[in-house]
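Participant: Take this structure, written in structure tokens, and hold onto it; I'll ask about it next.
The values are calculated or read from the model by the stated rules, or taken from the named source; none is laboratory data. Keep in mind that what you see is a predicted model, and the values were worked out from it rather than measured. Glycine gets a Cβ as well: all are built from the backbone with ideal geometry, and neighbour counts include every protein chain shown.
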């Protein structure tokens, strides 16, 4: 009887000790492939969910040139389990540990001229690094803005805002389904992240402790392993910084908005275009290059980019269309990006015919 009692005490003590080590306030991802039904269940944020106050080891970040998303505001965060690190890579996406999560929230400002007037959250996308690879999940915010609910099949929202010119704009915002996510995140038939690359992340971020380069901050916080000297770390220009050379800005814009498909191994590789910033051959980015397949997408134009003549270039023609059979990118936008189109138009106008480098 004493032995049974002693065993019972040990089991109870063990259970109590386990309870001490399992926090009920820290983020949780769960070990199974089954996702949570509500965004709040992950505990990535503290306080009211709509305030997006990051919890422990949830780190906000930004990109030098973010992907255009129909004039919505995006906020990015990452979380990795305690005791793990992200492995640095000079090119391509960083190598994230298992159970790592990339979080991207989309919201619409009421007035683009004054963010203080408030916003409305639309969706939050999660990329979770499971044992079987990356899993994409989309959570749609409810009308009360108290939580976001898992939506596998995608959805759409009619939204409106005051644009930077003071005019009211409306958009039929499309929330992607799982297959839509795969089409943009595909590389050699594998699902990969797009944004977390050295060239996009090499920038300062206004942390609560002060502004600091993101990569250095991650390294100092024990989140990133293998960071080389910052003098050798690649960096893309902010596309909207007019103090920077227009060629650097245009190449950065095309890289983040187009190169996830238009590169070797991407779903748009059959076009023959390689719009990565690393590509040095002008023909590969479309200069005087004939389209692989003619049709409505070419608009009767003969080359992807005609130096000095944006009005004759297929690239600007497709960027300036919202027709599903013409528009590029094909997914992720229902609005034309006026400022982006102007940038690429100005860039092509000042281009001169060049020979491919040897």
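Participant: Pick from 297, 332, 340, 308: which is in contact with a helix residue (DSSP H, G or I) (Cβ under 8 Å, 6 or more places away or on another chain), under 30 Å from residue 172 (Cα atoms) and either assigned to a loop (DSSP other than H, G, I, E, B) or assigned by TED's automatic domain parsing to the domain that holds residue 156 (or both)?
Facilitator: Sole residue among the options that is in contact with a helix residue (DSSP H, G or I) (Cβ under 8 Å, 6 or more places away or on another chain), under 30 Å from residue 172 (Cα atoms) and either assigned to a loop (DSSP other than H, G, I, E, B) or assigned by TED's automatic domain parsing to the domain that holds residue 156 (or both): 332.
Rundown of residues vs (1) more than 26 Å from the chain's Cα centre (by Cα); (2) in contact (Cβ under 8 Å) with a residue 60 or more places away in the chain; (3) more than 23 Å from residue 194 (Cβ to Cβ), yes/no style:
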{"residue": "285", "(1), (2), (3)": "no, no, no"}
{"residue": "288", "(1), (2), (3)": "yes, yes, yes"}
{"residue": "301", "(1), (2), (3)": "yes, no, yes"}
{"residue": "306", "(1), (2), (3)": "yes, no, yes"}
{"residue": "310", "(1), (2), (3)": "yes, no, yes"}
{"residue": "324", "(1), (2), (3)": "no, no, no"}
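Participant: While we're here: For a quick check of your reading of the model, give me the residue pairs whose first member lies in segment 210-226 and is on the phi < 0 side of the Ramachandran plot, whose second is part of a helix (DSSP H, G or I) and loosely packed, with under 14 Cβ neighbours inside 10 Å, with beta-carbon atoms closer than 9 Å and at least 6 apart or on different chains.
Facilitator: These pairs meet every condition: 212/220; 213/230; 215/230; 216/230.
Participant: Suppose we keep only residues that are under 17 Å from residue 163 (Cβ atoms) and in a strand (DSSP E or B) within segment 107-121. Which one would you say is farthest from the chain's Cα centre (by Cα)?
Facilitator: If we take residues in segment 107-121 being under 17 Å from residue 163 (Cβ atoms) and in a strand (DSSP E or B), then 111 is farthest from the chain's Cα centre (by Cα).
Participant: Just one of (1) outside the structural domain of residue 322 (by TED's automatic domain parsing); (2) in a loop (DSSP other than H, G, I, E, B) trips up residue 289, so point out which.
Facilitator: (1)
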